[in-house]
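Note sheet for the following structure.
The values are calculated or read from the model by the stated rules, or taken from the named source; none is laboratory data. These numbers were taken from a predicted model, which means no experiment stands behind them. No Cβ is skipped: glycine too gets one built from the backbone with ideal geometry, and neighbour counts run over all protein chains shown. Protein only, heavy atoms only, side chains kept; ligands, DNA and RNA dropped before computing areas. Shrake-Rupley method; radii C 1.70, N 1.55, O 1.52, S 1.80 Å.
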Amino acid sequence: MKFSTVMSPHLQPVNSVDRVMLQVLLALIPGIAAMTWFFGIGVLINIALAVIAALLAEASILGLRGRPISATLKDLSAVVTAVLLAISLPVIAPWWITVVGSLFAIVIAKHLYGGLGYNPFNPAMVGYVFLLVSFPMQMTAWLAPVELSSVALTEIDWLKLIFLEQLPDSVNFDAVTMATPLDSVRTQLGLGRSVPEIQTDSAFGFIAGKGWEWVAGGYLLGGLWLLWRKIIGWQIPIGLLLGLGLFASICYAIDSNQFALPSFHLLAGATMLGAFFIATDPVTAATSVNGRIIYGLLIGSLVYIIRVWGGYPDAMAFAVLLGNLTAPAIDYFTQPRVFGQKT
Amino acid sequence: MFSEYSKIVKDGLWLNNQAFVALLGLCPLLAVSNTVINGLGLGLATTMTLVFSNTIISLIRNFVPDEVRLPVFVLVIASVVTMIELAMNAWFFGLYKILGIFIPLIVTNCSIIGRAEAYASKQRADKAFLDGLSMGLGFTFALVTLGSLREVIGSGTLFTKAELMFGEAATTWQIDVITDYSGMLLAILPPGAFIGLGLLIALKNIIDTKIKQRKPAHIQIPIQAAQEQ
């Protein structure tokens with residue numbers, strides 16, 4: 001009788017790049033669904049455009065670099081980058097914004113540094129910051145959530161809006177767009193109103209903005225599912241939310257007229273998306289256990305600092321890129337000790 | 001004799017281009033290359049400085065003790081730059097105002113002291129002159145290329161404000177490469193300069209590789225050399 005001998009390891013690893021990426025995409029569904037419900041189908045058109053552009057860019061640059069094309073395309077990393085970029089964009093962004101952003105993310109931020117696993121910065125956020133810095137006008141035109149908008153756009157209107165930058169004749173641009181909750185807190189504070197006064201405005205819902213809090217809830221749900229599936233560790237999301245929450249609580253305790261509630265900051269803007277999906281990118285984040293907590297705390301506090309005292313209403317992309325920059329140093333100083341080694 | 005001079009020119013313009021190969025003088029290169037005219041203006045000012053400083057330093061090279069050569073070089077370069085600054089103030093006032101601090105800062109451009117120390121202080125005046133001219137033109141070439149790249153991508157035009165350099169007749173020189181373009185701010189901001197320079201260096205490396213492939217390197221065979229002896 002013949003026994004087959006198998007070399008160790010006897011337990012096959014269960015996580016491969018494409019499996020992880022697929023689960024991340026699945027976890028994004030509740031958030032995307034909420035966004036579609038409150039802001040219309042523009043986000044789906046953006047996702048489709050970004051994915052197509054990212055896959056074409058990935059295929060052509062892999063060809064240029066003489067790398068195997070189909071194997072890398074199938075690992076879905078470009079799709080995740082494209083989807084994360086697309087859901088960060090304003091839903092009425094013209095088509096070329098989405099396409100140029102995806103190309104920049106894949107070609108400059110990912111492949112010029114050596115492709116998946118070598119990029120020091122999160123490609124989706126590099127693409128987003130590139131667009132925000134280059135095209136501030138298109139990147140700050142946010143749509144009003146459906147319950148506040150008097151205009152109902154049909155599918156044809158959406159396609160016209162995104163591809164031809166045309167609104168229906170009876171509608172003007174200012175009727176469909178609206179400042180985001182974070183943006184209005186910022187500008188209204190500048191006009192001398194206090195935060196409790198501002199939050200009685202129609203754009204604000206139970207905790208954060210109308211619509212926005214549900215989108216954030218969707219991402220929280222997806223993120224918790226990723227935690228449960230052990231796709232991401234708890235350290236970065238908890239660290240990030242803690243950093244932001246602590247900072248916001250201290251400021252709120254000092255002066256509740258000048259600083260918004262911590263719960264507002266946790267559910268407004270890109271906090272939940274960033275905490276669970278963007279900061280946790282395994283390539284660009286810190287890797288040691290303690291390091292990831294520090295990394296999360298750092299990004300969380302940066303988000304708060306930039307939101308309140310910086311030049312932009314939301315700061316997840318900038319905070320994540322700054323965090324990426326510090327990740328190697330954090331890893332260096334938090335390397336776990338080998339057993340028996342002296343401090 | 002002729003080949004020596006042609007090598008100097010080739011080195012300056014391409015093989016040892018101060019911006020693309022030596023990566024010297026990056027501060028002005030990145031700071032003022034947002035339009036073609038700015039790039040051309042600063043490039044020509046740098047070229048003038050290089051020509052004069054190289055020639056003067058080569059002429060006085062035998063009288064300068066080795067121990068104090070660097071302060072002397074800096075003094076020479078600073079005097080030349082001051083003269084050029086005053087001349088630009090007199091004749092190209094509009095351009096002078098746009099380039100601002102970057103004209104006096106030519107003094108600190110490392111490629112100028114670099115050429116003085118590495119070349120002019122060891123060579124005859126005619127060679128030093130040619131070296132200054134070709135290094136300067138190479139630098140100007142880099143500035144103009146980067147400037148046109150950033151101007152086209154950043155604001156969709158070329159040769160905007162050409163009248164600052166070429167007089168009133170040049171007011172109509174502006175070319176709208178992309179009409180009805182709202183601009184891409186990143187290309188005009190400093191990060192655009194870094195990304196653009198990186199892409200241009202990559203392009204130069206591609207061209208160099210293509211040239212090398214087309215013309216296999218001449219290898220001297222030792223046996224033949226031995227037989228000839």
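Does B:ARG115 meet the test of being at pLDDT 85 or above and more than 14 Å from chain A (Cβ to nearest Cβ)? So B:ARG115 fits the description; yes.
One line per residue, one yes/no per condition, for (1) modelled with pLDDT of 90 or more; (2) in contact with a Ser or Thr (Cβ under 6 Å, 6 or more places away or on another chain); (3) part of a loop (DSSP other than H, G, I, E, B):
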| position | (1), (2), (3) |
| --- | --- |
| A:CYS251 | yes, no, no |
| A:GLN258 | no, no, yes |
| A:GLY274 | yes, no, no |
| A:ASN290 | yes, yes, no |
| A:ILE294 | yes, no, no |
| A:ILE306 | yes, no, no |
| A:GLY311 | no, no, yes |
| A:PHE318 | yes, no, no |
| A:LEU322 | yes, no, no |
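Residues in region A:114-142 that are within 12 Å of chain B (Cβ to nearest Cβ) and either in a helix (DSSP H, G or I) or open to solvent by 40 Å² or more (accessible area, probe 1.4 Å) (or both): A:VAL126, A:GLY127, A:VAL129, A:PHE130, A:LEU131, A:LEU132, A:VAL133, A:SER134, A:PRO136, A:MET137, A:GLN138, A:MET139.
Check A:LEU224, A:LEU191 and return the single one that is more than 14 Å from chain B (Cβ to nearest Cβ), open to solvent by 40 Å² or more (accessible area, probe 1.4 Å) and within 27 Å of A:LEU25 (Cα to Cα). The unique qualifying residue is A:LEU224.
The condition (being surrounded by fewer than 19 Cβ atoms within 10 Å (Cβ to Cβ) and outside any loop (DSSP other than H, G, I, E, B)) is satisfied by just one residue among A:LEU11, A:LEU64, A:LEU28: A:LEU64. Only one entry in B:THR145, B:THR171, B:THR160, B:THR108 is in contact (Cβ under 8 Å) with a residue 24 or more places away in the chain and touching an Asp or Glu at 6+ places or on another chain (Cβ under 8 Å), namely B:THR160. A search for C-beta distances below 8 Å between a residue of region B:175-198 that is at the interface with chain A (Cβ under 8 Å from one of its Cβ atoms) and any residue that is of a type in the set (D, E, K, R) and not in a loop (DSSP other than H, G, I, E, B), counting only pairs 6+ apart in sequence or on different chains, returns B:ALA187/B:ARG150.
In the set A:LEU64, A:LEU11, A:LEU22, A:LEU55, only one residue is in contact with a helix residue (DSSP H, G or I) (Cβ under 8 Å, 6 or more places away or on another chain) and more than 30 Å from A:LYS210 (Cβ to Cβ); that residue is A:LEU55. When A:ILE293 is tested against the conditions (1) under 22 Å from A:LEU267 (Cα atoms); (2) open to solvent by less than 20 Å² (accessible area, probe 1.4 Å), the lone failure is (2). Of all residues in region A:41-52, none satisfies being assigned to a loop (DSSP other than H, G, I, E, B), touching a residue at least 24 places away in the same chain (Cβ under 8 Å) and on the phi > 0 side of the Ramachandran plot. Residues of region B:139-157 include at least one that is in contact with a strand residue (DSSP E or B) (Cβ under 9 Å, 6 or more places away or on another chain), within 14 Å of chain A (Cβ to nearest Cβ) and open to solvent by less than 70 Å² (accessible area, probe 1.4 Å).
Selection of helices (runs of 4 or more DSSP H) fully inside region B:1-63 by the criterion of at least 1 residues being touching a strand residue (DSSP E or B) at 6+ places or on another chain (Cβ under 8 Å) returns B:36-59. Of the residues making up region A:91-113, those that are within 14 Å of chain B (Cβ to nearest Cβ) and either small (Gly, Ala, Ser) or touching a residue at least 40 places away in the same chain (Cβ under 8 Å) (or both) are A:ALA93, A:PRO94, A:ILE97, A:VAL99, A:GLY101, A:LEU103, A:ALA105, A:VAL107, A:ALA109, A:HIS111.
Determine, yes or no, whether B:LEU13 is touching a residue at least 24 places away in the same chain (Cβ under 8 Å) and open to solvent by less than 10 Å² (accessible area, probe 1.4 Å). No, not satisfied. Can you say whether B:GLY25 is in contact with a helix residue (DSSP H, G or I) (Cβ under 9 Å, 6 or more places away or on another chain) and at pLDDT 85 or above, as far as the supplied structure shows? No; evaluated as a whole, the condition is false for this residue.
Condition (residue is without any contact (Cβ under 8 Å) to a residue 24 or more places away in the chain, touching a helix residue (DSSP H, G or I) at 6+ places or on another chain (Cβ under 8 Å) and buried (at least 17 other Cβ atoms within 10 Å of the Cβ)) applied to region A:166-186: is it met by at least one residue? Among the residues of region A:166-186, at least one is without any contact (Cβ under 8 Å) to a residue 24 or more places away in the chain, touching a helix residue (DSSP H, G or I) at 6+ places or on another chain (Cβ under 8 Å) and buried (at least 17 other Cβ atoms within 10 Å of the Cβ), which makes the answer yes.
Determine if region A:89-103 includes at least one residue that is closer than 24 Å to A:ALA34 by Cβ, assigned to a helix (DSSP H, G or I), of a type in the set (Phe, Trp, Tyr) and open to solvent by 10 Å² or more (accessible area, probe 1.4 Å). Yes - at least one qualifying residue is present in region A:89-103.
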